[in-house]
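Notes follow once the structure below has been shown.
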Amino acid sequence: MTLWSVIGAGVAGLTIASELVSRGAKVQVFDPGGPPGAHGCSWWAGGMLAPWCEYENAEEPVLRLGQGALDWWGTRTVVHRCGTLVVANSRDLPDLRRFSRRTHGFKDVDQPEIAELEPDLMGFPKGLFFSNEAHLDPRRALLDLYQQLQSEGVVFHQKLAPSGLKNTIDCRGLHARETLHDLRGVKGEMLVIRCPDVTLTRPVRLLHPRMPLYIVPRGNGVYMLGATMIESEDSSRITARSMLELLSAAYALNPAFGEAEVLEIGVDLRPAFPDNLPRIRRRGHVIYANGLYRHGYLLAPALAQGVADLALENKHSEMVDEDRA
């Protein structure tokens, strides 16, 4: 049996390893960082499985391919199928109408319906409810995949992959730019806060002219606030402006967030190609799978299926881009 070597244990590498194993392949994984943790971009994601919301400013494949992510993840970790609520203040209702024109799969909701969905949201006259969307806890999802793969006999090597390996799948994100020259980094900044006085059961997106916010419940009064999308490759620290605007937007959802504890501050660089869609490229004995941008958990299953199709069946999915140098 052919042994496949996956380089990188982030969301791309682990989903690809899982898909390969599910099809009977033998797999080993190399990552000098070790098990999933704060060293990886995937650790700081929102974990929203929201293809209809993302379609508002994304290409069509995000909507179409992203819909399969809910069932793929649902067989491997806990997926909360509570939908997504999009709201706007009265002065920003034109933004809500613009949002609604660019997507579908939602129900218009008014203030009483918003209060029924999320009693702790106050003063929002209109919203959009995407009932078919879901979310997961990225950290739990990564660790669940890691542990499942170990139980299925996948060996994880906490070191760099040896040079000259055959049948290799490179999932190193921005570290692969020496070969994938059109990759760029997009900076994301986010906060993890604790506010036991507010209870939200589903991701909420607040449309705001300066800082569109999403807030994702993690349970026990913990929330993830995110995220900026800045064309910058400085991942050293969050900017004061971003932190102020994230917290101000959360305060606009409910003033009780003004008393929240800031538990973590996260900054990462999302690897992206010019059209912000992932690509699969084969160079000799290496298959490169990269460019998940801000759609890591949403598009990683489709990326994994495309890689497995190419590796095991030489079948070319729409993500395969072998002509690009």
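Bear in mind these aren't lab numbers, they're just calculated from the coordinates by the rules spelled out. These figures come from a predicted structure and were not determined experimentally. Backbone-built Cβ (ideal geometry, glycine too); neighbour counts: all protein chains shown.
Straight Cα distances below 19 angstrom link K187 to the aspartates and glutamates E54, E231, E233, D234, E245, E264, D268, D275, with same-chain residues fewer than 8 positions distant left out.
Over the chain, with a Gaussian network built from C-alpha contacts below 10 Å, which listed residue (R139, R23, R270) shows the highest mean-square fluctuation? Of the options given, R23 has the highest mean-square fluctuation. Ordered by the count of other Cβ atoms within 10 Å of each Cβ, fewest first, V286, V62, V6, V198 give V286, V198, V62, V6.
For K26, a cut-off of 23 angstrom between C-alpha atoms picks up these lysines, skipping any fewer than 8 places away in its own chain: K159, K166, K315.
Values of log10 I(q)/I(0) for region 121-166 across q = 0.16, 0.17, 0.29, 0.33 Å⁻¹ run -0.72, -0.76, -1.05, -1.12, by the Debye formula with one identical scatterer at each alpha carbon and no solvent.
The length gained by stretching the chain between A240 and N220 to full extension, at 0.36 nm per residue less their Cα-Cα distance, is 4.5 nm.
The alpha-carbon of K126 sits under 24 angstrom from the alpha-carbons of these lysines, leaving out residues fewer than 8 places away in its chain: K107.
In whole percent, what relative contact order does region 146-251 give with Cα contacts below 8 Å and a gap of six or more residues?
That works out to 25 percent.
Would you mind working out the magnitude of the charge dipole of region 20-104 relative to its Cα centre, with +1 at each Lys and Arg C-beta and -1 at each Asp and Glu C-beta, to the nearest 20 Debye? Before the final figure, lay out the partial values.
Working: 10 positive and 8 negative charges, 39 e Å.
Using Cβ point charges on Lys, Arg, Asp and Glu, region 20-104 gives about 180 debye.
Taken along the Cα-to-beta-carbon direction at a fixed 7 Å, the label points for E233 and R97 span 4.2 nm.
Within region 127-160, find all residues whose amide N lies under 16 Å from a label point positioned 7 Å from the Cα of D71 along Cα-to-beta-carbon. So the set is 132-134.
Looking at the chain alone, DSSP beta bridges between its own residues are antiparallel in about 70 percent of cases. Ranked by the mean number of other Cβ atoms within 10 Å of their residues, highest first, the peptides 48-57, 176-185, 163-172 come out as 48-57, 163-172, 176-185.
Near E59, once Lys and Arg are set to +1 and Asp and Glu to -1 for all other residues with Cβ below 15 Å from its Cβ, the sum equals -2. Here r is the Cβ-Cβ distance between E116 and R194 and R0 is 30 Å; the resulting FRET efficiency, rounded to 0.05, is 0.70. Counting only Cα atoms, the size of the chain along its three principal axes is 60, 36, 35 Å, in decreasing order. Helix hunt in the chain: which complete DSSP H runs extend at least 15 Å axially by C-alpha with mean Kyte-Doolittle at least -0.5? Answer set is 11-22, 240-253, 296-313.
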